Structures are given as structure tokens and as C-alpha cells.
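Since the structure comes first, as C-alpha cells, the remarks are kept for the end.
The values are calculated or read from the model by the stated rules, or taken from the named source; none is laboratory data. These numbers come from a predicted model, not from an experiment. Note: ideal-geometry Cβ built from the backbone for every residue, glycine included; neighbour counts use all protein chains shown.
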Amino acid sequence: MTTLSLTLHRPRQTAARRLLALLAADGAGPGPAATGAAWPKPLATPTGQAAFVTFYEAERRRVLAVVASLTGDRAAAEDIVQEAFATALRKWSTISRYDRPGDWVKRVAVNRAISRWRRRTAEERALRKVANARDSLGKLPDTEDPLWAAVRQLPPRQAQVISLMFIDDLTIERTAETLGISSGAVKSHLHRARTTLATMLRAEDDR
Amino acid sequence: MSQDLDQLLRHQGTRYHDLADRTSGDLHDVNTRTGHQRRRRRAAAGSVLTVAVVVIVLAVNRQPVTSTLQSGGTEPAPTIEPTTATDVATSSIPSTTVASSTSTVASSSTTTPRPAGPDIRTVDFKNRTYPADTCAMGTYEAPAEGYPLRDGVWNGATFDLVSIEQDPVYGDVTGDGREDAVVTILCSTGVGSSNRRHPWVYTPDATAPGGIRRLTLPRLTEGEVAQVGLPPDSYTRGGGASIANGVLTIEWTTWTPEDTAMWPSKFVTTHQRWNGTAWQTTSPPTVRDNPRPPGA
């Protein structure tokens, strides 16, 4: 613990290093405890920690963009992305062995993003019902972005497919790998999503 | 139409890339962003005021800086005493690895009997300097001089936040007939789920600086975790406290190894009393579920 603290203690740490330091202080999950319990092997050395930092810095922006498109809320997106990376850090022994650890983080993040968006939407609806006053709740963050707001109204899998393919520029195959579903399923979700969105856009144009 | 839609999705999707590019990647603005900014501004204003007060008081009384933080601008608010070596050693250990409460070693500063201190309800806990080991389980980059709270808040140079969100809870847990206070101190590093709540107990003692003394931090021990049937690597980030009939009851928010960071699944409740040297369990701990709502 002492060695780790000294290694990571800098006046202004990067987010990834702060995640490492936080878990070091925390003893959370399989991470190191203040008692000196061992880090997961890949993180036991400065080189291993640097590898995680590099991974975080390389992947974070893409994951954040995808999650933000699914939540429509920057703060929520940052929260979700950080939690996803924190989870990755705790399971780094396993995840670091994957061919694409970034895909794992992305999958965790997009699943959480959908949960968060659904919950928030439900809360907004319930509050409106109680308050019976739309304006009192402030605008939803979608008013300036009707197309992506429509994406967020799609069934979760369809929204995830659209986001991964059009925000992260993934192919159908990579999207399938990331979400852990078949390519055929991705194509199906993509087709349905396009149809729904096209209908929405036409309806918007007709107004 | 399909190609138009694809182009539109890509084109309008660039705003999310822009958003990601604009964020620094630091962890300061999760969950408590607005609160942080507000508190930071307030703290900055408070710092200016504090410096002014310190300069004036030094000029008049030639007292040490650490003893001149003001309480509400009128009443001297002494620094809470530095902890003993025992305190520091104990507090550096995470909650689940501390020995059972009956073997917790008391701070050497606790003596019995001790001269009566002030009525603890008159103490302004929200305007005091707390020692550097106050955030025993969590924050780092702790300033050597401790945490000078103003109006219950201290903001760190980076994103650390120490605050008292609720009023102290009062009751006699030391059995000396005088009320003690439980001050639950929130320590945060700015990450969404990193908050910890430390239920520190203060007792009146005229021999201590400021007339109050801090007892050792109550802990949820490995033994108590096992007693309620939870896995040994369950852990807590603190809890809320209450006092009734001389017993300190703490409900510890507890994560089992299967829990996500976002949702701790258990609350473990402990019941303890201070015996003059250590916290002693008065009745067995209990556990209850923290049901996860649909969609959470």
C-alpha cells in the first residue's frame, strides 16, 4: 500500500491513476487493501498500472461518446463511464487478457446507459404526472437533438446498435461482438431501428 | 432514405464526440458536480475570510494559527486534537480487516474519570479543524494540517471533499452521565461511489483542547460481518449513527463481493457502548437487505 501510494501520489493525477489510487485506498473488491494485500497480478507493478492508464486514456473518449448518445446527459454519461472503468479495474486480471478489453468496458457502459436512461425517463414521467406541470421539471436534454432523442426512444438493443455503429463506427461484426449477440441479430435490430427512425423523421417533416 | 438517415446519424452524432473531447477525463464532476462547484466557490470566499481573521487574531493574541479558526466569526473554534499513534494505526486499516470491537484499543488520550468539559451541544462541529486521519477509510492527499471545515465543508486542492451533512447525534455512550456527540463526516474523492461516512464520536473532556475529545472510530469488524452471515470480503463505506439508551447504533452500508459499486445490497447494524477504553458490543449485529428497485 505504501509503495503504491507513493507511486500514485501526485498533485494532479489523471483519472485513471485516481481510479487506481481510490481502489488502493479502498480495498474494494479484489483490489489491494490498505493492509498490503496483493494487487491483481497485472496491476502489481508500475508497468502493469501504466498499462491500465494507457488503456483508459485510449478508450475513454470513444466509450464516453457512445454512452452520451444513449443517455443524452453528459454528467450521467461520465458517471457511467467511470463506473464501467472502475469495474474493469477490479476485474483487470481477467479483462486484461481479452483481445479487446475496450469492448468489454463498452458493453458494460452501454448496458448501464440504457438502464439509466429508462429509469430517468420513468422518473420524469412520474414526476410530471404528480406535478402535472411539464415546465416545472425543466427541459429534457433532447430538445436540441431530435434525431438522437428518437434513438433513445428505441428499444434498448436497437439504440445500442445504432450508437455503436454510428457513433463508434463499428462494423456489424464488431457491434455483434461488443454486445455479445449474433451478426444476424445486429442486422435485424439495425433494420428495425432505421425503419422506426425513418418513420419518425417523416412524421417530423410533415408537421 | 436509409443512406440519408445514416449520414444524418453520423453528422448529428459528432456532437457526442465533441462532448467527449471537451471533457478532461478527470473525476471531479461526477454526481456532485454542481455541489462541488458551489462549495468550491464558497470555500474560496471562506478562505479569504479565514486568512483575514487569522491575521487579525495573530496580531492581537499572538496565538498559533491552528487555534484561531473562528466559529461563526465569534467563538474560538479550536483545532480538534491530533490523534494518537494508536488511532492512526487503527484507522489505516480498512473496515473489514479490523479486529473485533472488543479488542479495539482505545486512544491513550481517553482517561477515566476526567474533568467535565462543556455542554457538547454548544460545540460548533461544522466550523472546526479535523485531523488528517479523519477520512480514515478513503480520501488521500490529506493535508498535514487537517481539514478546516467552514460551514460544514472543506474542499481539497483537487477534488476531495470533506463535509458534515447532518447535525450531530447526541446521547451518553460513555456512561458518565454527560452527553456525547456522533459527528458523521462525509469524505469524498469526487468519484460517484467513493463517498464514505465516518461516524466519529466526541465526548466532553475539559483537559482536551477545545474541551472535547475524539474516541476511536467505531468499525464494522470482520467478526461482525461473519456473524450476520456475509462473506468475509464484504466491505463497508461507513454508515449513519444514532444513540438510544446509552447505545451507539450504526447502520453500515455494506457491499458483498457480488454487488456492483452502484448498489450495496446489505445494511449491517451494530450496537456498541464505550467502556472507557474501547467500543464494546452490547447486542449482536443484524443485517437487512437493501432491495434493488427495478431498473437500478
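Give the residue that is farthest from A:E57 (Cα to Cα), with candidates limited to residues of segment B:1-21 that are more than 8 Å from every other protein chain (Cβ to nearest Cβ) and at pLDDT 70 or above. Full working, then the answer.
So the first thing to find is which residues in segment B:1-21 are more than 8 Å from every other protein chain (Cβ to nearest Cβ), and the list is B:3-4, B:7, B:11, B:14, B:18.
Cutting the leftovers down to at pLDDT 70 or above gives us B:4, B:7, B:11, B:14, B:18.
Numbers: B:D4: 33, B:Q7: 28, B:H11: 25, B:T14: 20, B:D18: 16 Å.
Selected residue: B:D4.
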In segment B:255-269, how many residues are away from chain A (no Cβ under 14 Å) and among the acidic types (D, E)?
0
Checked segment B:205-244 for anything without any contact (Cβ under 8 Å) to a residue 40 or more places away in the chain and either in a loop (DSSP other than H, G, I, E, B) or crowded, with 24+ Cβ neighbours inside 10 Å (or both); matches are B:P231
In segment A:25-101, which helices (runs of 4 or more DSSP H) lie fully inside it and hold 3 or more residues that are under 30 Å from A:A150 (Cα atoms) and either at pLDDT 80 or above or out of contact with any Gly (no Cβ under 7 Å at 6 or more places or on another chain) (or both)?
A:46-71, A:74-90
Considering segment A:47-86, residues that are farther than 27 Å from A:L154 by Cα and of a type in the set (V, I, T), and then whichever is surrounded by the fewest Cβ atoms within 10 Å (Cβ to Cβ), we arrive at A:T47
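Per-residue answers, yes or no, for (1) within 15 Å of the chain's Cα centre (by Cα); (2) within 14 Å of chain A (Cβ to nearest Cβ):
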position: B:V201; (1), (2): yes, no
position: B:R214; (1), (2): yes, no
position: B:R237; (1), (2): yes, yes
position: B:I250; (1), (2): yes, no
position: B:T253; (1), (2): yes, yes
position: B:H271; (1), (2): no, no
Any residue in segment A:157-179 that is out of contact with any helix residue (DSSP H, G or I) (no Cβ under 6 Å at 6 or more places or on another chain), at pLDDT 85 or above and facing chain B (nearest Cβ under 10 Å)?
yes
When segment B:245-269 is checked residue by residue, the ones that are in contact with a helix residue (DSSP H, G or I) (Cβ under 9 Å, 6 or more places away or on another chain) and in a loop (DSSP other than H, G, I, E, B) are B:A261, B:M262
May I ask you to list the residues in segment A:60-86 that are within 8 Å of chain B (Cβ to nearest Cβ) and among the hydroxyl-bearing types (S, T, Y)?
A:S69
